[in-house]
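Asker: Below: one structure in structure tokens.
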Amino acid sequence: MLDKFVDSMHNALMSHAQRVQILGNVCFVRAYAKINLTLDVTGRRADGYHELVTVMQTVDLHDTLCLTNTTDGRVWVECTRPELSNEENLAAQAARLLRERFSVSRGVLIELHKRIPVAAGLGGGSSDAAAVLLALQQWWRLPLSLADLSAMAATLGSDVPFFLTGGLALCEGRGERVTPLATLWPSSLRWLLLLKPAIGIATASVFGKLPASDYSDGSASRKLVEALQEGRLPQPEDFHNSLERGVLEQYPEVSRAATDLLQAGASLVRLSGSGPTLYAPFSNLSRAVRAREQLQASGYEIYLAHAIYPEGAESNV
Ligand code: C5P
């Protein structure tokens, strides 16, 4: 029944082909994590969400999803983390959205190899959902433009549209208005240590407690973008996150981890999204590895990562 879509397949997303691998009757897709280089909360909206200006970058830490068509019409997730194995997982919701929109009768089993820490500020759940949209768009040959997919993605979560393109992007509104950016990536940001303190934080609770005094005007994000586009290293204060002060104050585990990262040799430490994951850039691999070993020996969950761009995007690392 999907054959009628074959000829009208949209080309806009073909640069993601390397993320999606179709092997007979299964389809593998990678879902990359992100960090927030900035997160300016500029105000509260009438719909209860907050108005954001944020600069996000995908990194090579990723989940792997394997999709299988089923004949029973069910859509569900089987995950290496059993608490995520269910029908409500955002990845299953993404598949259901496409099934309903195109009246597809087949079901989908989504096997999810989870590597991105959960409730961590790294966008794992949102990225899984975007990966399912991209994979099914290609596999089922659905006539959807990036704008169509993006509108569907925004109904699943504010971050989901960003993950359709990934790379470096300025995101505004709830986070769903995405402007991809080409950049000269400074060498001092080449390696990224991602440290996940042993707690999970619900994004809604962080936004819910945010005082208006922590709002910012978006200038940090604009300055950071300007610096990156000119091939300069942004100033430390440009890596601003309006949520960071409150999270460090409310969760001593996170502020202790930030101190430990600095003691291990990091020169800049920032919160990603609503946390609790902290990131620290390094220009030098051996220094990053030494810091990682020291922090691992203290019992921290820590990842060595680097920025990653969609194939064909302009970048200069
Ligand atoms: O959009 P998403 O479901 O990922 O957002 C999770 C929660 O984070 C929202 O329910 C809301 O409480 C908060 N949020 C917000 N403003 C945003 C994005 C998220 O207040 N721009």
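Asker: Let me have the 222 nm mean residue ellipticity of the chain computed from DSSP H runs of 4+ only, each contributing -39500 (n - 2.57), with the sum over all residues rounded to the nearest 500.
Answerer: Rounded to the nearest 500, it is -9000 deg cm²/dmol.
Asker: Accessible area of ARG106, 1.4 Å probe, to the nearest 10 Å²?
Answerer: Using a 1.4 Å probe on the heavy atoms, I get roughly 80 Å².
Asker: Please give the FRET efficiency for ALA182 paired with THR259, using the beta carbon to beta carbon distance and R0 = 30 Å, rounded to the nearest 0.05.
Answerer: 0.25
Asker: Something else now. Could you state the number of Å between the C-alpha centres of the range 85-136 and the range 156-215?
Answerer: One Cα centre to the other: 19 Å.
Asker: I need the GluC sites (Glu not before Pro) found in the range 238-317, filtered to DSSP loop residues with at most 13 other beta carbons within 10 Å of theirs.
Answerer: Listed in order of number, the matching sites are GLU311, GLU314.
Asker: Same structure again: Using a Förster distance of 51 Å, how high is the FRET efficiency between SER105 and ASP60, based on the Cβ-Cβ distance and rounded to 0.05?
Answerer: Result of the calculation: an efficiency of 0.90.
Asker: Applying 1/(1 + (r/R0)^6) with R0 = 35 Å to the Cβ-Cβ distance of ARG190 and VAL118, what FRET efficiency is obtained, to the nearest 0.05?
Answerer: 0.80
Asker: Let me ask something additional. Could you compute how much accessible surface HIS113 exposes when probed at 1.4 Å, giving the result in Å² to the nearest 10?
Answerer: 80
Asker: What figure in square angstrom, to the nearest 10, would you give for the accessible area of SER188 with a 1.4 Å probe?
Answerer: Using a 1.4 Å probe on the heavy atoms, I get roughly 40 Å².
Asker: Could you give the length gained on full extension between GLU301 and THR71, defined as 0.36 nm per residue of separation minus the Cα-Cα distance, in nm?
Answerer: Once the chain is fully extended between GLU301 and THR71, it gains 78.8 nm.
Asker: Over the chain, with the other protein chains present, what is the accessible area per residue in square angstrom, probe 1.4 angstrom?
Answerer: 42
Asker: Then there is this: Expressed in nm to one decimal, what extension gain is obtained for the pair ARG45 and GLU87 from 0.36 nm per residue of sequence separation less their Cα-Cα distance? Could you put the intermediate results ahead of the total?
Answerer: On the way: separation 42, 0.36 × 42 = 15.12 nm, distance 3.06 nm.
Taking 0.36 nm per residue and subtracting the Cα distance, the gain is 12.1 nm.
Asker: Then there's this: Using only the Cα atoms of the chain, build the gyration tensor, take square roots of its eigenvalues as a ≥ b ≥ c, and label the shape rounded, prolate or oblate: rounded if a/c is under 1.5, else prolate if a/b is larger than b/c, else oblate.
Answerer: Prolate shape, in that a/c is at least 1.5 and a/b is the bigger ratio.
Asker: Can you give me the % of accessible surface on the chain that is carbon or sulfur? Probe 1.4 Å, all protein chains present, nothing else counted.
Answerer: 50
Asker: Do you know the Lys pair count in the chain for C-alpha distances under 25 Å, with sequence separation 8 or more or different chains? Mind showing how you got there, number by number?
Answerer: Numbers: LYS34/LYS114; LYS34/LYS196; LYS34/LYS209; LYS34/LYS223; LYS114/LYS196; LYS196/LYS209.
Lysine pairs meeting the criterion: 6.
Asker: Right, another one. Could you check the spin-label model distance between TYR215 and GLU249? Points 7 Å from the Cα along Cα→Cβ, value in nm.
Answerer: A separation of 1.7 nm, rounded to one decimal place.
Asker: Loop-only chymotrypsin sites (Phe, Trp or Tyr not before Pro) in the range 28-97, please: DSSP not H, G, I, E or B, and at most 15 other Cβ atoms within 10 Å. All intermediate terms of the calculation are to be shown ahead of the outcome.
Answerer: On the way: sites: PHE28, TYR32, TYR49, TRP76; in loops: TYR49.
Sparse-neighbourhood loop chymotrypsin sites (Phe, Trp or Tyr not before Pro): TYR49.
The values are calculated or read from the model by the stated rules, or taken from the named source; none is laboratory data. Here the structure is a predicted model, which means the values were calculated and not measured. When we count neighbours, we look across all protein chains shown, and the Cβ atoms used for this are built from the backbone with ideal geometry, even at glycine. Each accessible area value is taken on the protein alone, full model and side chains, heavy atoms only, with ligands, DNA and RNA left out. Shrake-Rupley method; radii C 1.70, N 1.55, O 1.52, S 1.80 Å.
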